[in-house]
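Right, I'll just put the structure down here and ask away after.
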Amino acid sequence: MSEKVSQLGDRAVSAIQNNVGQALGLIYGLGMLTWTAFNQMNSNYWSYFLTEICGLEPTVMGTVKAVTGVGEWFFVIIAAIIIERVWLKHGQYRSWLLVAPPATFVCLLMTFVDPVFLDMGAKTAWMIFFQIVGGFFSSFFMIAATSIVPVISRTEADRTLLSQRKAQGNMLVKVLFAAISLPAILAINGLVYRVPAGENAQNAGPAGFTVLALVFGIIMIVMFVVMYKRIDGMDPTQKICEERAAAKKRGEQVPPLAAGEKVGLGEMLKYWLTNLPAVIGLFAEIIRFVAQMTIQSMAMYVFTYAFGDVAMAAVMLTACNVTGLVATFVSEPVARKVGIRATYLVGIGVSFAFSVVCLFVGASSMMAFIVCICGIYFGMNFMNGTMMGMQSNAIAYGEWRDGKTAKAFIMSTFQWCPKIANAVAGLLTGFGLAAIGFVSGMEASPELAQGMVNIICLIPAVCFGVAFAAFFFGYRLTPKKMEQIAVDLAAREAEKGADGK
């Protein structure tokens, strides 16, 4: 690369040098982890909250999760279009980090309140409404935060750093969440840790869940304000937006943005649908989230009803998240050595292998089950450590190929992953439990344990196998290819700068 760079001039050399330092990576990771902490309430406890606290039938809970997953997915698309077309005062991306978190907090807090004054039909509608609207607002700040990555990163090393810090921060907070959340919920509700299967469900109230959601939500808002301040000046649209806002405040007529500064809906779809690496990456991430959310949704049921020890749910989630945290640190040097593509493939392969093993031995003992799920988490977080780098590479590829791209829209498609996965995992959990004959308060049995293990492992095992093949053949952005793309984009930037003189 050095020979090619030397021929491009100082402007191009500057354009392809690493732009992201360790301090910025740390701030970014700390900001993103607070949303993970708040969202863990939904991932780990909402299914349980709906059935055991609010009294919804398992099939109704599954339907609620499916409907909200589809609804949130639809509104992610709407949010992406708004971000591409509506530029607020402090920048196309940065502004949403300040505006959206408080609205998200209020709505999602309502999903951990039991509206006892409503009948079951109205209570179901309450949960669907607040979950979808909360998900809509969360899409704004998550799309904005992830869209910043391809904007400020110039090389695969930059993208790897930001992606790894996000993944490491997320896993660190998941470790802490798994360790403290269930004991805190039970303590607030005045319950003991180890009780017969079903007794917690019969005696628990919503208070522990509500208080914990309140605490994590407030922390999230504060940290996104910090993140908003830290990236001041890094959103390239910020200056344009602030100048336009100042002109409007002075009463001057503000002309519309130039045609080249916005991307139409047709262009957004074209840039995404014709970008094979972006589409394949999206598919692989959906698989990862389906597996993760199925495990998280089922954990409380498995340890309460199949193994008869609810305390071990916290132990397993803590062990899984520690394993996942280790995976993000292991994958960082691997990604720097062999590239994002090869690292991601290793992660898929590891998760597939442990999913298959779990099918055969997971129900035989609680420890065998925990070890297998930890192995799946290791592979998934090997993937997770490179996720943002993977999609940022796809955006750079699209910009290199087409000369223009829709960053917010393409990055938003990766926000579909938890939404679509939430719907799939909700259906698997709700209807799967009904299919194996689950009834609230029932006693543990070997048949019930195997049935729950099948729900957790069978579909992910098949999907991981398909994802590996699709990613291997469809995502061809190797380090050598990305090096060429970086050089070519730098040359274009230098050429534009020279023409503008």
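The values are calculated or read from the model by the stated rules, or taken from the named source; none is laboratory data. None of the values given here were measured: they were computed from a predicted structure. In this analysis, Cβ positions are derived from the backbone assuming ideal geometry, glycine residues included, and neighbour counts consider all displayed protein chains. These area figures cover heavy atoms from the full protein model, side chains too; ligands, DNA and RNA do not enter into them. Shrake-Rupley method; radii C 1.70, N 1.55, O 1.52, S 1.80 Å.
Could you sort the peptides 239-248, 433-442 by per-residue average Cβ neighbour count (10 Å cutoff), highest mean leading? All intermediate terms of the calculation are to be shown ahead of the outcome.
Working: 239-248: 13.9, 433-442: 15.6.
Packing order, densest peptide first, comes out as 433-442, 239-248.
Another question, if that's okay. Can you give the Kirkwood hydrodynamic radius of region 387-449 from its Cα pairs, in Å with one decimal?
Values: mean 1/r = 0.0662 Å⁻¹.
One over the average 1/r among Cα pairs gives 15.1 Å for region 387-449.
Now, a different point. Listed here are the pairs LYS249/LYS404; LYS404/LYS481; LYS174/LYS270; LYS270/LYS419; LYS174/LYS419; which of them are more than 25 Å apart at the Cα? Numbers along the way, then the final one.
Working: LYS249/LYS404 32 Å; LYS404/LYS481 18 Å; LYS174/LYS270 37 Å; LYS270/LYS419 22 Å; LYS174/LYS419 19 Å.
The pairs that break the limit, which is 25 Å between Cα atoms, are LYS249/LYS404; LYS174/LYS270.
Roughly how many Å² is the accessible area per residue of region 317-428, as a whole number, for a 1.4 Å probe? It would help to have the intermediate numbers written out before the result.
On the way: 3240 Å² over 112 residues.
I get 29 Å² per residue for region 317-428.
Estimate the FRET efficiency between GLN253 and VAL86 by the formula 1/(1 + (r/R0)^6), using the beta-carbon distance for r and 30 Å for R0, to the nearest 0.05.
On the way: r = 19 Å, r/R0 = 0.63.
So the FRET efficiency works out to roughly 0.95.
Tally Lys and Arg at +1 and Asp and Glu at -1 over the other residues with C-beta under 9 Å from the C-beta of ARG94: what net charge comes out? Don't skip to the answer; put the middle values down first.
Values: positive: none; negative: ASP232, ASP235.
Result for the neighbourhood of ARG94: -2.
Continuing with this model, one more query. Sort 40-50, 66-76 by packing, meaning the average of other beta carbons within 10 Å per residue, with the highest value first.
On the way: 40-50: 24.4, 66-76: 20.9.
The peptides rank, most packed first, as 40-50, 66-76.
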